[in-house]
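The values are calculated or read from the model by the stated rules, or taken from the named source; none is laboratory data. All of these numbers come straight from a predicted model, not from anything done at the bench. Don't worry about glycine lacking a Cβ; one is built from the backbone with ideal geometry, like all the others, and counts go over all protein chains shown.
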Amino acid sequence: MTPEDIAADCETIALRTDDPVDHAATVVIDRPEARNAMNDQLRAELKDVLDAVDDSDVRAVVLTGSEDTGTFVSGADLTDLQDRSVAEQREWSNRRKVYEVVSALSQPVIARINGHALGGGLELALACDMRVADDGVRLGFPEIGLGLIPGGGGTQRLPRLVGEGQAMRLITTGEVVDAAEGEKLGIVDVLADDESLDEAVADLAGGVAQHSPLTLEYAKDAVKASSRLDQEAGIEYEKELFVQLFATADKAEGIAAFLEDREPEWTGE
């Protein structure tokens with residue numbers, strides 16, 4: 001089934017193809033009655049749609065919240081957590097998490113943070129490769145006030161962006177910061193106001209989607225390897241990916257197009 005077919009059967013996820021630019025797809029978290037809080041249904045539907053997008057010819061993915069909710073994602077639906085036992089939560093936590101699905105997509109993923117991103121919502125944004133935020137949004141991990149800690153990768157991804165000290169401050173105090181401070185800390189990559197948010201996202205998505213889908217996959221793989229490998233091993237890994245691209249039609253096309261002063265026609269091969 002195509003991503004469009006799968007999304008059509010979803011109640012909490014919408015999909016727009018060739019949006020905001022050609023060869024891009026926008027995935028919309030759409031549960032406005034709960035301020036886009038993630039419950040089991042939403043997580044399952046989001047994973048299904050993202051799996052289909054991963055296998056498609058899309059080159060860039062934008063992940064955002066539905067409009068007029070005031071949230072990107074407000075976090076986990078606490079009604080799902082209230083009565084879970086330790087055994088039940090351990091079983092649930094061992095399932096394939098939506099954060100890992102987002103992070104593992106072959107395409108670069110842009111979080112369009114159009115509303116507050118708190119708890120699991122911020123973890124979802126951190127699982128994306130780049131973050132564009134409206135300057136009116138707020139970001140944070142309030143779990144400490146619930147007797148919990150982030151459980152979707154927040155304690156691991158945040159320090160890699162902002163450093164251990166700042167991550168410790170935000171997680172152990174539960175402090176919620178505005179998008180401007182988020183940009184200073186390194187959580188937000190592009191800051192925009194309400195009127196320029198869509199333009200900023202389109203500019204970034206367009207800059208990505210104009211390139212070879214195969215090369216984008218290799219580039220994302222190489223950059224993400226820097227967080228799990230030491231520098232020497234990472235450089236060796238980068239070298240191997242670089243060499244592998246010499247066997248691709250897109251490498252030949254890219255160089256030929258440059259030398260012939262024309263736009264390349266990518267095949268993803």
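Considering only the range 214-266, how many residues are of a type in the set (S, T, N, Q) and either in contact (Cβ under 8 Å) with a residue 60 or more places away in the chain or surrounded by 13 or more Cβ atoms within 10 Å (Cβ to Cβ) (or both)? Matching residues across the range 214-266 total 4. Residues in the range 91-138 that are part of a strand (DSSP E or B) and of a type in the set (Gly, Ala, Ser): Ala111, Ala117, Ala133. Residues in the range 14-47 that are closer than 27 Å to Thr267 by Cα and buried (at least 18 other Cβ atoms within 10 Å of the Cβ): Leu15, Pro20, Val21, His23, Ala24, Ala25, Thr26, Val27, Lys47.
Within the range 134-155, the residues that satisfy the criterion of being closer than 26 Å to Arg96 by Cα and under 20 Å from the mean Cα position of the chain (by Cα) are Leu139, Gly140, Phe141, Pro150, Gly151, Gly152, Gly153, Gly154, Thr155. The number of residues in the range 64-82 that are among the acidic types (Asp, Glu) and either assigned to a strand (DSSP E or B) or at pLDDT 90 or above (or both) comes to 1.
For the criterion of being out of contact with any Cys (no Cβ under 8 Å at 6 or more places or on another chain), in the same structural domain as Leu50 (by TED's automatic domain parsing), closer than 23 Å to Val62 by Cα and not in a strand (DSSP E or B), Gly145 fails. Please indicate, with yes or no, whether at least one residue in the range 172-192 is free of Cβ contacts under 8 Å to residues at least 60 places away in the same chain, surrounded by 14 or more Cβ atoms within 10 Å (Cβ to Cβ), β-branched (Val, Ile, Thr) and under 28 Å from Arg96 (Cβ atoms). Taking every residue of the range 172-192 in turn, none turns out to be free of Cβ contacts under 8 Å to residues at least 60 places away in the same chain, surrounded by 14 or more Cβ atoms within 10 Å (Cβ to Cβ), β-branched (Val, Ile, Thr) and under 28 Å from Arg96 (Cβ atoms).
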